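Worksheet: one structure, shown below.
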Amino acid sequence: MATRPPAKPAGADDAANLEKNPYTGDAAAIEQGRKLWRKTGCYSCHGGVAEGGVGPSLIDDEWVYKPTDKTLFKTIADGRKGTVMVGWSKELNPDEIWKVVAYIRSLYQGDPNKVIW
């Protein structure tokens with residue numbers, strides 16, 4: 001008997017196509033994002049608080065790609081070709097990815113004048 005793939009969470013397609021993070025500044029979502037950061041092992045490349053390591057720092061204002069919410073979401077979901085960054089869209093649903101983005105944003109220590117999200 002064939003098994004059906006798991007259903008997408010309600011609103012998943014809509015959440016994946018947003019330009020801005022619906023969880024910006026939401027303390028509960030940021031905490032959930034922190035837990036997802038730990039659970040998925042993001043720290044193993046980006047450091048415990050996103051300070052960088054094998055992967056780049058995510059807390060400063062020096063980004064290779066335009067650091068919009070949508071760009072960060074797509075990078076987490078799809079990965080980056082030519083780098084060790086793998087996509088997480090099979091493990092995390094769009095809602096969870098947005099919460100990881102909210103957590104990353106909560107750690108920002110760069111120039112506040114460079115914030116474009």
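The requirement of being assigned to a loop (DSSP other than H, G, I, E, B), over 21 Å from Trp117 (Cα atoms) and at pLDDT below 95 is not satisfied by Lys20. Does Glu31 fit the bill of being modelled with pLDDT of 95 or more and either in a helix (DSSP H, G or I) or within 14 Å of the chain's Cα centre (by Cα) (or both)? It is true that Glu31 is modelled with pLDDT of 95 or more and either in a helix (DSSP H, G or I) or within 14 Å of the chain's Cα centre (by Cα) (or both). For segment 66-117, filtering for residues that are aromatic (Phe, Trp, Tyr), in contact with a Pro (Cβ under 9 Å, 6 or more places away or on another chain) and at pLDDT 95 or above leaves 2. Report, by residue number, each residue of segment 50-68 that is surrounded by fewer than 17 Cβ atoms within 10 Å (Cβ to Cβ) and either in contact (Cβ under 8 Å) with a residue 60 or more places away in the chain or out of contact with any Gly (no Cβ under 8 Å at 6 or more places or on another chain) (or both). Once the filter is applied, which keeps residues that are surrounded by fewer than 17 Cβ atoms within 10 Å (Cβ to Cβ) and either in contact (Cβ under 8 Å) with a residue 60 or more places away in the chain or out of contact with any Gly (no Cβ under 8 Å at 6 or more places or on another chain) (or both), segment 50-68 yields Glu51, Gly52, Val54, Trp63, Val64, Tyr65, Lys66, Thr68. Across segment 61-117, the number of residues qualifying as among the hydroxyl-bearing types (Ser, Thr, Tyr), part of a loop (DSSP other than H, G, I, E, B) and within 20 Å of Glu19 (Cβ to Cβ) comes to 4. Residue pairs whose Cβ atoms lie under 8 Å apart, separated by 6 or more positions or on different chains, with the first residue in segment 90-117 and touching a residue at least 60 places away in the same chain (Cβ under 8 Å) and surrounded by 12 or more Cβ atoms within 10 Å (Cβ to Cβ) and the second of a type in the set (Asp, Glu) and assigned to a loop (DSSP other than H, G, I, E, B), are Ala102/Asp26.
The values are calculated or read from the model by the stated rules, or taken from the named source; none is laboratory data. No experiment lies behind these values; they were computed from the predicted model shown. In this analysis, Cβ positions are derived from the backbone assuming ideal geometry, glycine residues included, and neighbour counts consider all displayed protein chains.
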